[in-house]
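Comments concern the structure below.
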Amino acid sequence: MIGRLNHVALAVPDLAKATALYRDTLGGKVSASQALPEHGVTVVFVELPNTKVELLEPLGEGSPIAAFLEKSPSGGMHHICYEVDDILVAAEKLKADGARVLGNGEPKIGAHGKPVLFLHPKDFAGTLVELEQV
Ligand code: CO
């Protein structure tokens, strides 16, 4: 069911600092930062030859990464995103297998304008998993 690794997302307390680290110290190709108020984050994409790293900083009240940064103030891996061909088929299979799909269980449009869903970390080896239909 899962295909390519689409991205790994890191929650960071200071986006400018994390961007400089990835650009200057690691020599990565980084994008300009983009505010995504509807997702409660500001994001910088690090383009790698085979995948992306997304640096996420909280934006506004009730950011989905605020609680994570309270527990891990220096930041850390927030989620991993795998590609799927058909998100509705994936959601049905996962629910049939007893996995918890976060939110109302229905896919929604993610930060890249494509349908996504998130799976409960306790059901997936302690890691928040995002599936994205590509
Ligand atoms: Co993501």
> Pick from segment 109-125 the residues that are closer than 17 Å to Leu94 by Cβ and part of a loop (DSSP other than H, G, I, E, B): which of them is least open to solvent (accessible area, probe 1.4 Å)?
Replying inline: Gly110
>> Within segment 62-76, does at least one residue satisfy the condition of being surrounded by 19 or more Cβ atoms within 10 Å (Cβ to Cβ), polar (S, T, N, Q) and modelled with pLDDT under 95?
In response: yes
> Somewhere in segment 38-59, is a residue away from the ligand (no atom under 16 Å from the Cβ), without any contact (Cβ under 8 Å) to a residue 60 or more places away in the chain, outside any helix (DSSP H, G or I) and of a type in the set (Val, Ile, Thr)?
Replying inline: no
>> Would you confirm, using the coordinates I've provided, whether Leu69 is hydrophobic (A, V, I, L, M, F, W, C) and either closer than 28 Å to Val44 by Cβ or within 12 Å of the ligand (Cβ to nearest atom) (or both)?
In response: yes
> So how many residues does segment 1-19 have that are open to solvent by 30 Å² or more (accessible area, probe 1.4 Å) and in a helix (DSSP H, G or I)?
Replying inline: 2
> Which pairs do you get when a residue that is closer than 17 Å to Asn50 by Cβ and within 16 Å of the ligand (Cβ to nearest atom), found in segment 1-26, comes within reach of a residue that is among the polar types (S, T, N, Q) and open to solvent by 30 Å² or more (accessible area, probe 1.4 Å), reach meaning Cβ atoms under 9 angstrom, with the pair 6+ apart or on two chains?
Replying inline: Arg4/Asn50; Leu5/Asn50
> Any idea how many residues of segment 77-124 are away from the ligand (no atom under 16 Å from the Cβ) and not charged (D, E, K, R)?
Replying inline: 9
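The values are calculated or read from the model by the stated rules, or taken from the named source; none is laboratory data. Source: prediction; values computed, not measured. Neighbour counts are summed over all protein chains in view; Cβ atoms, including those assigned to glycine, are modelled from backbone coordinates with ideal geometry. For the accessible areas, the whole protein counts, side chains as well, though only heavy atoms, and no ligand, DNA or RNA atoms are used. Shrake-Rupley method; radii C 1.70, N 1.55, O 1.52, S 1.80 Å.
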